[in-house]
Amino acid sequence: MHLIQVDSVQRWMEDLKLMTDCECMCILQSKPISTEKEEQNELILSSRYSTCDSLQLLLKRAWIISTELTRIAQKLEKSRWQRVHSMTVRVNCHVRSMMNEYNTFSRSSSEEMHQLEKLLVDKCSEFTAFTERCLQTEDEEILKSMKSCVNETLTTVAQYFGQLIELVLTQEAQNLLRQIELSGSLYVTESAVSSLFSLAQEGAHLCRIIAKEGGVVALFKICRQDCFRCLYPQTLRTLASICCVEEGMHQLEKVDGILCLADILTDTSHSEATHAEAAAVIAQITSPHLTFTQHLSSFLENMEEIVTALVKLCQEASSGEVFLLASAALANITFFDTMACEILLQLNAVKILLAACSDKHIVDTPYSRDQVVTILANMSVLDQCASEIIQGNGVQLLMEMLFEKSSSGNPAEVAACERVQQKSAVTLARLSRDPEVAEAAVKLSCIPRLIKLCRSPTERNNSDSVLVACLAALRRLAAMSPDGLGDSDFQQLVKPRLVDSFLLCTNMEESFV
């Protein structure tokens, strides 16, 4: 869950109220707190809480219980019975509190859920009693024999707890989707889509549940109704989240989702925000990191009009965010099918992308430059691409990208800068088979910069992938212009086998530079 990623002090502050409630519940023997006084009712959810807030509280409680069960297993392994028992009591209280909270805001519970709740509560009580007996026993041999039984009970508690959470989340997804299906109200639909998006942000498992319950089908139904046009951006954003899992992709294919996205992208009456979110869905479903895109047969049928619309979106983007989403979709498509590169050439995409890079308000981050250079790298396999690059002053841009550095030191940004350096070197290496490009690169002093990147680990942030790409580009340029290298550079970086030059550079100290 993303909850784990927040600041530790903030995490503790959020958990504190839940933890103190646990102590209250111990004193009251897990009876629900009276609702008569508001100050005694902070954790009992009233009608003023939205479904989204209630689910967030439920997920936080589930995260605490899951963490506690893991810690119990660790303490049990070390035979720290006092800690095991106190933590077992705490888990028992958290489980009961979670059920009380959920039953307060839940409209209805199934018979299966009631049965699971009873099984879990009974097993938690048994677990607490079991650990209390262990605490009262001093005989090591008896404790050893009881340890396996405690372990088995802990496993059963964790199993019942997992099943209950799965059932709760499934039921909530079903409720939200039922609202979308049955309601013609803009407000109700917007609220349900918003809650669905919040659920999807909790991770791939939640996305699988939503997809299995028909979430993709319901969301595309919204995107096919003009009366919900104002909800398209929010709905498409939710779709992009759900389609990170295979179940979501299969659902998208079944409901002709690609055709719907193509229609939205090519419909000029839609807002830029709608087009941008549609581009985000395209970027998600064509991601080269996914292993389950091969079944998107309908994508090829609509690829030309999708690519055309995305190029237009890049050209007319009013902000860096819109350009990033459109260019990311194009970059992924160039991996998805090589025919896309030929379409991009016909659409003068190189000229449009290079022009965008000169506008610092549009291409304003390493992430955007990463998308542009990815497209150029994939297009550079085509012979016609070289002349387009030269005409648009693209060699100069590639040279500038070799100097890409993170201004914030943020790990994600640093990684993006490494990709920009690597792909610009790859693009130069591919394009330098054309003498005109190689000559332009030499005139712009690309060779000294490539040498610097090879010899100085800090210049490339110690990236091996950048080093390999720079060595390849340097060798290609050296073949076209051998006079641009000194003798030691030639002997160490060009003449040996690539692997030998690589090993030399990776072992090189800063003092050699």
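The values are calculated or read from the model by the stated rules, or taken from the named source; none is laboratory data. As the structure is a prediction and not an experimental result, all values here were calculated from the model. In this analysis, Cβ positions are derived from the backbone assuming ideal geometry, glycine residues included, and neighbour counts consider all displayed protein chains. When the accessible area is computed, the model is the full protein with side chains, heavy atoms only, and any ligands, DNA or RNA have been set aside. Shrake-Rupley method; radii C 1.70, N 1.55, O 1.52, S 1.80 Å.
Numbers at a glance
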item: Among (1) part of a helix (DSSP H, G or I); (2) outside the structural domain of ASP487 (by the TED database); (3) among the aliphatic types (A, V, I, L, M) - the single one VAL381 does not satisfy; result: (1)
item: Positions within region 139-159 being free of Cβ contacts under 8 Å to residues at least 40 places away in the same chain and surrounded by 13 or more Cβ atoms within 10 Å (Cβ to Cβ), in sequence order; result: MET146, THR153, THR156, GLN159
item: Residues within region 459-475 that are open to solvent by 50 Å² or more (accessible area, probe 1.4 Å) and modelled with pLDDT of 90 or more, tallied; result: 4
item: Top-ranked residue in region 210-261 [being over 19 Å from ASN175 (Cα atoms) and not in a helix (DSSP H, G or I); ranked as most open to solvent (accessible area, probe 1.4 Å)]; result: ARG224
item: Considering residues of region 281-295 that are crowded, with 22+ Cβ neighbours inside 10 Å and aliphatic (A, V, I, L, M) only, the residue farthest from ALA356 (Cα to Cα); result: ILE285
item: From THR334, THR308, THR291, THR274, residue being touching a residue at least 12 places away in the same chain (Cβ under 8 Å), among the hydroxyl-bearing types (Ser, Thr, Tyr) and within 28 Å of GLU413 (Cβ to Cβ); result: THR334
item: Test result for GLN74, closer than 16 Å to ASN151 by Cα and at pLDDT 85 or above; result: yes
item: Near pairs, Cβ below 8 angstrom, 6+ apart or cross-chain, from region 229-249 (free of Cβ contacts under 8 Å to residues at least 12 places away in the same chain and farther than 18 Å from HIS289 by Cα) to any residue that is part of a helix (DSSP H, G or I) and open to solvent by 10 Å² or more (accessible area, probe 1.4 Å); result: none
item: Any chance ARG178 is surrounded by fewer than 21 Cβ atoms within 10 Å (Cβ to Cβ), touching a residue at least 24 places away in the same chain (Cβ under 8 Å) and not hydroxyl-bearing (Ser, Thr, Tyr); result: no
item: Among the residues listed as GLY203, GLY184, the single one being open to solvent by 20 Å² or more (accessible area, probe 1.4 Å), at positive phi and modelled with pLDDT under 90; result: GLY203
item: Condition met for PRO411 (of a type outside the set (A, V, I, L, M, F, W, C) and open to solvent by less than 40 Å² (accessible area, probe 1.4 Å)); result: no
item: Failed item, numbered, when GLU400 is tested on (1) assigned by the TED database to the domain that holds THR458; (2) open to solvent by less than 10 Å² (accessible area, probe 1.4 Å); result: (2)
item: Considering residues of region 103-138 that are touching a residue at least 60 places away in the same chain (Cβ under 8 Å) and in a helix (DSSP H, G or I) only, the residue least open to solvent (accessible area, probe 1.4 Å); result: PHE105
item: Residue match in region 371-384 (condition: loosely packed, with under 15 Cβ neighbours inside 10 Å, touching a helix residue (DSSP H, G or I) at 6+ places or on another chain (Cβ under 8 Å) and not basic (Lys, Arg)); result: yes
item: All helices (runs of 4 or more DSSP H) inside region 302-369 with 3 or more residues being open to solvent by 20 Å² or more (accessible area, probe 1.4 Å) and closer than 25 Å to GLU253 by Cβ; result: 320-336
item: Checking VAL255 against (1) closer than 21 Å to ILE209 by Cα; (2) within 22 Å of the chain's Cα centre (by Cα), the condition it does not meet; result: (2)
item: Criterion violated by MET98 - all others in (1) under 30 Å from the mean Cα position of the chain (by Cα); (2) closer than 28 Å to GLN159 by Cβ; (3) at pLDDT below 70 satisfied; result: (3)
